[in-house]
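What follows is one structure encoded as structure tokens, with my remarks underneath.
The values are calculated or read from the model by the stated rules, or taken from the named source; none is laboratory data. All figures in this text were calculated on a predicted structure; none of them were measured in a lab. Positions of Cβ are backbone-derived with ideal geometry, glycine not excepted, and every protein chain shown enters the neighbour counts.
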Amino acid sequence: MGILNVTPDSFSDGGQHAALEGAIAHAEAMMEQGVDIIDIGGESTRPGSPPVPLDEELRRVMPVIYALRDCGAAISVDTYKPQVMREAVIAGVDMINDINAFRADGAIEAVRDSDCALCIMHMRGEPATMQQQPEYGDVVREVTDFLRERIAVLTGAGIARERLWIDPGFGFGKTVEHNYALIKSTRRMVEDLGVPLLAGLSRKSMIGAVTGKPVEQRMAGSLGGALAAVAQGAKIVRVHDVAETVDALKVWQAAH
């Protein structure tokens with residue numbers, strides 16, 4: 001899954017692909033590099049980020065969705081707003097990737113009657129405040145329990161389990177120690193919940209904490225994180241550096 005941020009303020013590549021032409025060019029480059037899914041996001045969810053008004057998010061993402069929906073790659077939309085979900089479903093996207101786990105009023109109704117995949121992510125708090133001293137008794141158990149509850153709510157609403165994915169939410173209300181405890185436990189989480197897992201570690205502070213590198217120098221660490229996630233059972237890795245990750249996974253799989 002290649003990241004396509006059409007935002008002015010994302011933590012790693014904010015502003016680089018905000019214009020439609022730039023977003024399309026970046027998507028085309030990722031396709032040449034072997035991307036399977038393009039994840040379009042119109043609101044930064046980096047720690048401390050403020051929310052974006054609905055109209056502005058729609059203005060950012062909808063032209064890109066329509067421009068890319070027949071590009072050959074699967075299209076995912078990274079949003080927690082039910083109205084954006086509805087418009088994205090109408091446009092024919094393949095996945096809704098929700099950091100808020102479809103908890104907003106109307107979110108389940110917005111996606112229930114579609115056939116797109118749904119990624120349920122764990123987040124403690126909200127982006128503006130989530131990294132202010134997050135605490136857990138047992139982070140793996142608590143995240144797993146949360147995801148289990150959300151799976152039950154969505155399937156109880158009539159959504160087929162086969163449509164569901166889970167994301168532990170690395171960096172979303174977790175310390176470095178919490179993040180690495182979760183990545184070590186992803187296989188157990190998948191086995192416990194019976195739903196495939198998406199891992200998004202690319203360029204995050206958990207990579208910088210181990211490598212000591214600033215965000216623009218975290219590619220090698222991010223590749224290590226992607227391989228570790230796949231080795232622990234992740235089925236999708238959400239990344240900035242598509243070409244390098246594709247190559248790393250090819251070699252890992254050939255030697256595995």
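Scanning the range 60-116 for residues being of a type in the set (Gly, Ala, Ser), touching an Asp or Glu at 6+ places or on another chain (Cβ under 6 Å) and without any contact (Cβ under 8 Å) to a residue 40 or more places away in the chain gives a total of 1. Residue count for the range 113-122 under the criterion of being part of a loop (DSSP other than H, G, I, E, B) and either crowded, with 21+ Cβ neighbours inside 10 Å or in contact with a Phe, Trp or Tyr (Cβ under 8 Å, 6 or more places away or on another chain) (or both): the result is 1. Just checking, does the range 136-158 include any residue being exposed (fewer than 13 other Cβ atoms within 10 Å of the Cβ), touching a residue at least 24 places away in the same chain (Cβ under 8 Å) and under 20 Å from Arg238 (Cα atoms)? Looking for residues that are exposed (fewer than 13 other Cβ atoms within 10 Å of the Cβ), touching a residue at least 24 places away in the same chain (Cβ under 8 Å) and under 20 Å from Arg238 (Cα atoms), one finds none in the range 136-158, hence no. Of the residues making up the range 74-86, one or more are surrounded by 15 or more Cβ atoms within 10 Å (Cβ to Cβ), within 19 Å of the chain's Cα centre (by Cα) and more than 24 Å from Ala27 (Cβ to Cβ).
Do we find a residue being surrounded by fewer than 16 Cβ atoms within 10 Å (Cβ to Cβ) and in contact with a His (Cβ under 9 Å, 6 or more places away or on another chain) anywhere in the range 221-244? Checked against the condition, which is being surrounded by fewer than 16 Cβ atoms within 10 Å (Cβ to Cβ) and in contact with a His (Cβ under 9 Å, 6 or more places away or on another chain), the range 221-244 yields at least one hit. In summary, helices (runs of 4 or more DSSP H) completely within the range 142-256 and bearing 1 or more residues that are modelled with pLDDT of 95 or more and under 28 Å from Asp105 (Cα atoms) occur at 186-193.
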